[in-house]
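Structure, as structure tokens:
The numbers here are math on the coordinates, done by the rules we state, and not lab data. Fair warning: this is a prediction, and the values are worked out from it, not measured in the lab. Methodologically, a virtual Cβ is constructed for each residue, glycine included, from the backbone with ideal geometry; neighbour enumeration extends over all protein chains shown.
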């Protein structure tokens, strides 16, 4: 039996599967006579390149959702971690995919305010406007998600025992 040698050029990379967009994260901003405007929060792992390369990521939105997109709808698409957003118009939409016309992608600056932390815990931004307390040693989230960093800092403070009066 002869051995077959493989070259690096013979190996094809596995196609990356973009995460599907949750219809619950598609919010109607405005509806008019001719088109509608939506804000869409894409899931973690969804990258800006997926806007053009993964029209099937919209399958759940298009499959019976009340916010199924139509041609000429305007979208404000925000990354899960709010690191970028895109403005786009729907060029084509059917029951299983959406094709966007020239999405304009804008990167957002990193946080300029430092989130509260102690030696053991830190307030962590979870994406989509929610915060929780993370244990530093193992990365476990130890509190419920809340809407502001101040509420998460309060929860962090409550993790430490109080002195009896």
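Answer yes or no: is there a residue in the stretch 111-125 that is exposed (fewer than 13 other Cβ atoms within 10 Å of the Cβ) and under 30 Å from residue 54 (Cβ atoms).
The first filter runs over the stretch 111-125 and keeps only residues exposed (fewer than 13 other Cβ atoms within 10 Å of the Cβ), leaving 111-114, 119.
The next check asks that each one be under 30 Å from residue 54 (Cβ atoms); those that pass are 111.
Looking through the stretch 111-125, at least one residue is exposed (fewer than 13 other Cβ atoms within 10 Å of the Cβ) and under 30 Å from residue 54 (Cβ atoms).
Can we say residue 127 is farther than 19 Å from residue 58 by Cα, in contact (Cβ under 8 Å) with a residue 60 or more places away in the chain and within 20 Å of the chain's Cα centre (by Cα)? Break it down into steps so the answer makes sense when it comes.
Numbers: farther than 19 Å from residue 58 by Cα: yes; in contact (Cβ under 8 Å) with a residue 60 or more places away in the chain: yes; within 20 Å of the chain's Cα centre (by Cα): yes.
Taking the combined requirement at face value, the residue satisfies it.
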